[in-house]
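Read the structure below first, then the notes.
The values are calculated or read from the model by the stated rules, or taken from the named source; none is laboratory data. Note that the structure is a prediction, hence the values are computed from the model and not measured. All Cβ positions, even for glycine, are placed from backbone atoms using ideal geometry, and neighbour counts span all protein chains on display. Quick note on the areas: whole protein, heavy atoms, side chains included, nothing else; ligands and nucleic acids left out. Shrake-Rupley method; radii C 1.70, N 1.55, O 1.52, S 1.80 Å.
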Amino acid sequence: MPELIEMQDNEANGQWNPVVGDETFELLRSNSKLVDGNRNLNEAGQRVLDETFRIMQVCGNPESATNTETGIVIGYVQSGKTLSFTTLAALARDNNYQIVIVIAGTSMPLFNQSTNRLRRDLRLETRFDRKWTLIPNPSEIEHQEAIQTALAQWADRNFPPERCRTVLITVMKQKDHLLNLAEILEELNLNGVPTLIIDDEGDQASLNTLARRAARQGIDIEDLTESDVSTIYRRITRLKGLFPHHTFVQYTATPQANLFINIVDRLSPNFIKLLTPGNEYTGGREFFREEAHIIEEIPLADLPAPNHPLHEPPESLIAALRVFFLGVVAGEILQDQRNRSMLVHPSRLQGDHNQFTEWVRGICNSWRRILTGDDQAEKNQLIADFREAYNDLQRTVPDLLPFERLTDFNLVHAIQYTPILEVNTRGRNSTPQVNWQDSYSWILVGGQSMDRGFTVEGLTVTYMPRNIGVGNVDVILQRARFFG
């Protein structure tokens, strides 16, 4: 028998009360971090449920004929925003939303990451009840027919409601993909179709990036023409305009731009919700105030600059690699089933990425040669260098495995079999995907492709010799992939 709970909120003040059904509960229960041994929601799971419920409460009531809500959900960097919006999608399904659209990332890696996360969290490949129709980047007539068929089920009063499918559309935040989606939907009757539109990283590209230029020209916001607004903004507002009943929810960790746009702007939020990070969350306070000793400041001499090019790998990079590989060996010995990764983020320039990638490869090749070679003096010096890194690690890992166990043949294997991946489009048509299941340890080198929204699985060491640029706090925070 399906489990169905109607949650009451005494502070609703006229807001509707969604029901929490099997779709939401099973999503949460499938996450081992959110349940106890009996698959009951623990404190973290209950927090996610309560916060998602309150977000849905200010979305449009699916029983209403029309709705045009726009809101923003704010959470810390790497604090579980994706879990929040996948849970919100499940809750929308429990409450008979017919379409859920997720605008997911400005690059293919981010788009695929979000699509795969939804596929995993909603268990679309392991269940057979056919409650969802997932369509990534719709563009074909077959996609339009699939959407039309699903909507016809909801409109058919003789069709069992529990067999109706919710259409889940993921679309890349890119002008052509958004245009394709709008053109497909324009051919459909969307009256009476409750729709949830989720904009992941809602402060990136979605807002009108030409607003400042229009203001300088003295053009009032209410007088803006389509040629006066940026393309992605135009595409998103066109998409919103297709649905008489929709709620547009922007998720972001850096909401400065969203909160300070003109109140009559089409994307100005009329509700704001905050997400609470879990008890194990580590962010700026932990890294730079309470646990500042885990941060090693890179010397100025190791920082690349136009008037100070680097001609050889900086010592701080070499030291960071030593720490990383000791951790990889420890994880392998302890049979850690999750990933262990290192992020190298030197700049936004692909030439710098290539330089650092070659340096990392050269260092690893040199270490492997020394550790497997016959020059004992050279080997002893390298082991002494790793001993220094080991002593440094002991300051934060008191139960570290004995040094000798971390520097035997396992160290050679860790160095030899850790993939080193340059994450950008240099020499390729697209940014390469990270197949996390293919290797326990990874070293990723890149820049903007690994900024906002990108999740580095099992990140243990970050090397970031990058300046602050123009100093925008939201941009700098989005580089903090090591938060979480």
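Residue by residue, here is whether (1) under 27 Å from Gln250 (Cβ atoms); (2) basic (Lys, Arg) holds:
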position: Gln144; (1), (2): yes, no
position: Ala152; (1), (2): no, no
position: Ala155; (1), (2): no, no
position: Arg163; (1), (2): no, yes
position: Asp176; (1), (2): yes, no
position: Glu186; (1), (2): yes, no
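Mind listing whichever residues of the range 352-384 are exposed (fewer than 14 other Cβ atoms within 10 Å of the Cβ), in contact (Cβ under 8 Å) with a residue 24 or more places away in the chain and more than 14 Å from Ala414 (Cα to Cα)? Across the range 352-384, the qualifying residue is only Gly362.
Just a yes or no: is a residue in the range 144-160 assigned to a helix (DSSP H, G or I) and hydroxyl-bearing (Ser, Thr, Tyr)? Checked the range 144-160: at least one residue is assigned to a helix (DSSP H, G or I) and hydroxyl-bearing (Ser, Thr, Tyr).
Taking the conditions exactly as written (over 19 Å from Arg234 (Cβ atoms), touching a Ser or Thr at 6+ places or on another chain (Cβ under 8 Å) and free of Cβ contacts under 8 Å to residues at least 24 places away in the same chain), does Ala150 satisfy them or not?
Numbers: over 19 Å from Arg234 (Cβ atoms): yes; touching a Ser or Thr at 6+ places or on another chain (Cβ under 8 Å): yes; free of Cβ contacts under 8 Å to residues at least 24 places away in the same chain: no.
For Ala150, the condition - over 19 Å from Arg234 (Cβ atoms), touching a Ser or Thr at 6+ places or on another chain (Cβ under 8 Å) and free of Cβ contacts under 8 Å to residues at least 24 places away in the same chain - is not met.
Condition (residue is assigned to a helix (DSSP H, G or I), farther than 29 Å from Glu286 by Cβ, without any contact (Cβ under 8 Å) to a residue 60 or more places away in the chain and not small (Gly, Ala, Ser)) applied to the range 396-406: is it met by at least one residue? Looking through the range 396-406, at least one residue is assigned to a helix (DSSP H, G or I), farther than 29 Å from Glu286 by Cβ, without any contact (Cβ under 8 Å) to a residue 60 or more places away in the chain and not small (Gly, Ala, Ser).
For the range 378-413, the set of residues classified as farther than 14 Å from Phe324 by Cβ and of a type in the set (Gly, Ala, Ser) consists of Ala384 only.
Among the conditions (1) touching a residue at least 60 places away in the same chain (Cβ under 8 Å); (2) part of a helix (DSSP H, G or I), the only one that Ser347 does not satisfy is (2). I'd like to check something: does the range 185-208 contain any residue that is assigned to a helix (DSSP H, G or I), at pLDDT 95 or above and open to solvent by less than 10 Å² (accessible area, probe 1.4 Å)? Yes; the residues of the range 185-208 include at least one that is assigned to a helix (DSSP H, G or I), at pLDDT 95 or above and open to solvent by less than 10 Å² (accessible area, probe 1.4 Å). Taking the criterion of being in contact with a strand residue (DSSP E or B) (Cβ under 6 Å, 6 or more places away or on another chain) and among the polar types (S, T, N, Q), the residues of the range 115-136 that qualify are Thr115, Thr133.
Residue by residue through the range 331-344, note down the ones that are open to solvent by 10 Å² or more (accessible area, probe 1.4 Å) and either among the charged types (D, E, K, R) or assigned to a helix (DSSP H, G or I) (or both). Answer for the range 331-344, where residues must be open to solvent by 10 Å² or more (accessible area, probe 1.4 Å) and either among the charged types (D, E, K, R) or assigned to a helix (DSSP H, G or I) (or both): Glu332, Ile333, Asp336, Arg338, Arg340.
For Arg395, are the conditions met, namely being out of contact with any Pro (no Cβ under 7 Å at 6 or more places or on another chain), at pLDDT 90 or above, of a type in the set (Lys, Arg) and open to solvent by 10 Å² or more (accessible area, probe 1.4 Å)? Walk me through how you get there before you give the answer.
Numbers: out of contact with any Pro (no Cβ under 7 Å at 6 or more places or on another chain): yes; at pLDDT 90 or above: no; of a type in the set (Lys, Arg): yes; open to solvent by 10 Å² or more (accessible area, probe 1.4 Å): yes.
Against the criterion (out of contact with any Pro (no Cβ under 7 Å at 6 or more places or on another chain), at pLDDT 90 or above, of a type in the set (Lys, Arg) and open to solvent by 10 Å² or more (accessible area, probe 1.4 Å)), Arg395 does not qualify.
Which one is modelled with the lowest pLDDT, of the residues in the range 294-327 that are open to solvent by 40 Å² or more (accessible area, probe 1.4 Å) and among the β-branched types (Val, Ile, Thr)? Filtering first and then ranking leaves Ile294.
Identify, please: which residue in the range 125-138 is of a type outside the set (Lys, Arg) and at pLDDT below 95 and is, among those, surrounded by the most Cβ atoms within 10 Å (Cβ to Cβ)? So the residue we want is Asp129. Is the range 122-140 home to any residue that is in contact (Cβ under 8 Å) with a residue 24 or more places away in the chain, in contact with a Leu (Cβ under 9 Å, 6 or more places away or on another chain) and part of a helix (DSSP H, G or I)? No: zero hits.
Step by step: first the residues of the range 81-114, then only those that are of a type in the set (Gly, Ala, Ser) and closer than 11 Å to Tyr251 by Cα, then the one that is surrounded by the most Cβ atoms within 10 Å (Cβ to Cβ). Which residue is that?
Of the range 81-114, the ones of a type in the set (Gly, Ala, Ser) are 84, 89-90, 92, 104-105, 107, 114.
Filter once more, keeping what is closer than 11 Å to Tyr251 by Cα: 84, 104.
Details: Ser84: 21, Ala104: 27.
Once the filter is applied, the top-ranked residue is Ala104.
Suppose we keep only residues that are free of Cβ contacts under 8 Å to residues at least 24 places away in the same chain and in a helix (DSSP H, G or I) within the range 271-290. Which one would you say is surrounded by the most Cβ atoms within 10 Å (Cβ to Cβ)? Quick ask: steps written out before the conclusion?
First, pick out the residues of the range 271-290 that are free of Cβ contacts under 8 Å to residues at least 24 places away in the same chain: 280, 285-286, 288-290.
Adding the requirement that they be in a helix (DSSP H, G or I) leaves 285-286, 288-290.
On the way: Arg285: 11, Glu286: 13, Phe288: 11, Arg289: 8, Glu290: 11.
Top of the filtered list is Glu286.
Listed by first and then second residue, the pairs with beta-carbon distance under 6 Å, at least 6 apart or on different chains, first residue in the range 291-316 and under 27 Å from Leu382 (Cα atoms), second among the acidic types (Asp, Glu) and open to solvent by less than 100 Å² (accessible area, probe 1.4 Å), are Pro314/Asp302; Ser316/Asp302.
Does Arg266 fit the bill of being over 19 Å from Ile72 (Cβ atoms) and either assigned to a loop (DSSP other than H, G, I, E, B) or modelled with pLDDT of 90 or more (or both)?
Working: over 19 Å from Ile72 (Cβ atoms): no; either assigned to a loop (DSSP other than H, G, I, E, B) or modelled with pLDDT of 90 or more (or both): yes.
So Arg266 fails the test.
In the set Leu406, Leu401, only one residue is modelled with pLDDT of 90 or more, hydrophobic (A, V, I, L, M, F, W, C) and surrounded by fewer than 16 Cβ atoms within 10 Å (Cβ to Cβ); that residue is Leu401. Collect the residues in the range 139-176 that are within 24 Å of Leu207 (Cβ to Cβ) and buried (at least 20 other Cβ atoms within 10 Å of the Cβ), keeping them in residue-number order. Within the range 139-176, Ile169, Thr170, Val171, Met172, Lys173, Gln174 meet the criteria.
The numbered conditions (1) under 12 Å from Phe325 (Cα atoms); (2) among the β-branched types (Val, Ile, Thr); (3) open to solvent by less than 20 Å² (accessible area, probe 1.4 Å) are all true for Val423 except (1).
For (1) hydroxyl-bearing (Ser, Thr, Tyr); (2) over 30 Å from Gly80 (Cβ atoms), each residue gets a yes or a no:
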| residue | (1), (2) |
| --- | --- |
| Val397 | no, no |
| Phe403 | no, yes |
| His413 | no, yes |
| Thr431 | yes, no |
| Trp436 | no, no |
| Ser439 | yes, no |
| Gly447 | no, no |
| Met450 | no, no |
| Leu459 | no, no |
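Looking only at residues of the range 426-451 that are under 18 Å from Gln337 (Cα atoms) and not in a helix (DSSP H, G or I), we find that the one that is most open to solvent (accessible area, probe 1.4 Å) is Asn435.
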